[in-house]
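Reading through the structure tokens given below for one structure.
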Amino acid sequence: MQTDQLKIDVKAVLGDSLAAGVCIQLVDKLVSLPEGRGHMLTYTSLQKMLQRNEIDNPLITAVSFLTSSKCAILDAHGQFIDDDGEEYELEDADFQRLLMTGELAHPNTGENVDNPRDKVTPVFALRNEKKAEPSE
């Protein structure tokens with residue numbers, strides 16, 4: 001998808017809102033990332049990429065739009081950090097189950113995790129097959 005068309009789609013859905021502006025800025029940054037740099041993006045890394053002071057509602061709305069709309073260029077995943085500080089990238093099904101039910105089995109032991117939502121961070125990855133091409 002061309003960046004120009006993606007921006008038109010963003011404006012059509014989000015209008016002239018602050019979130020639309022943030023979304024368009026984010027698209028410009030994401031399509032300019034070097035190959036291999038778009039696989040482990042967090043809210044904090046996206047905030048820093050845009051030089052925003054905080055992770056605010058417009059940023060969250062923009063990321064949500066770019067992960068869930070017909071224009072989606074990001075996939076959402078989960079990263080679990082257990083009580084020992086070990087990090088695990090969650091299988092998509094496990095992340096979805098956590099979002100739907102609030103339950104998570106430890107990826108290594110299979111035991112139920114206490115307060116799993118406090119131990120999972122959303123991470124985002126560019127969809128390679130839908131990565132927008134920079135405008136000419």
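Only the coordinates and a few stated rules stand behind these numbers; no lab work does. Everything numeric here is computed off the predicted structure, so don't read it as measured data. Methodologically, a virtual Cβ is constructed for each residue, glycine included, from the backbone with ideal geometry; neighbour enumeration extends over all protein chains shown.
To the nearest ten degrees, helix 3-14 and the longest principal axis of the Cα atoms of the chain are 70 degrees apart. Suppose R0 equals 35 Å. What FRET efficiency, 1/(1 + (r/R0)^6) with r the Cβ-Cβ distance, do ASP118 and ALA12 give to the nearest 0.05? Approximately 0.40, to the nearest 0.05.
Looking at the stretch 3-74, what % of the alpha carbon pairs are farther apart than 13 Å? Looking at the stretch 3-74, the distances longer than 13 Å represent 62 percent of pairs. If both residues of a DSSP beta bridge must be in the chain, then about 90% of such bridges are antiparallel.
Applying the criteria of a DSSP loop state and at most 15 other Cβ atoms within 10 Å to the GluC sites (Glu not before Pro) of the stretch 1-97 yields GLU35, GLU54, GLU86, GLU91. Modelled label positions at ALA105 and ASP83, each set 7 Å beyond Cα in the direction of Cβ, lie 1.9 nm from each other. Mean projected area of the convex hull spanned by the Cα atoms of the chain, taken over all viewing directions: 9.1 nm². Largest GNM mean-square fluctuation among ASP28, ASP92, ASP118, using the chain with Cα springs under 10 Å: ASP118. Label sites at HIS39 and LYS70, each approximated as a point 7 angstrom past Cα along Cα to Cβ, lie 3.1 nm apart.
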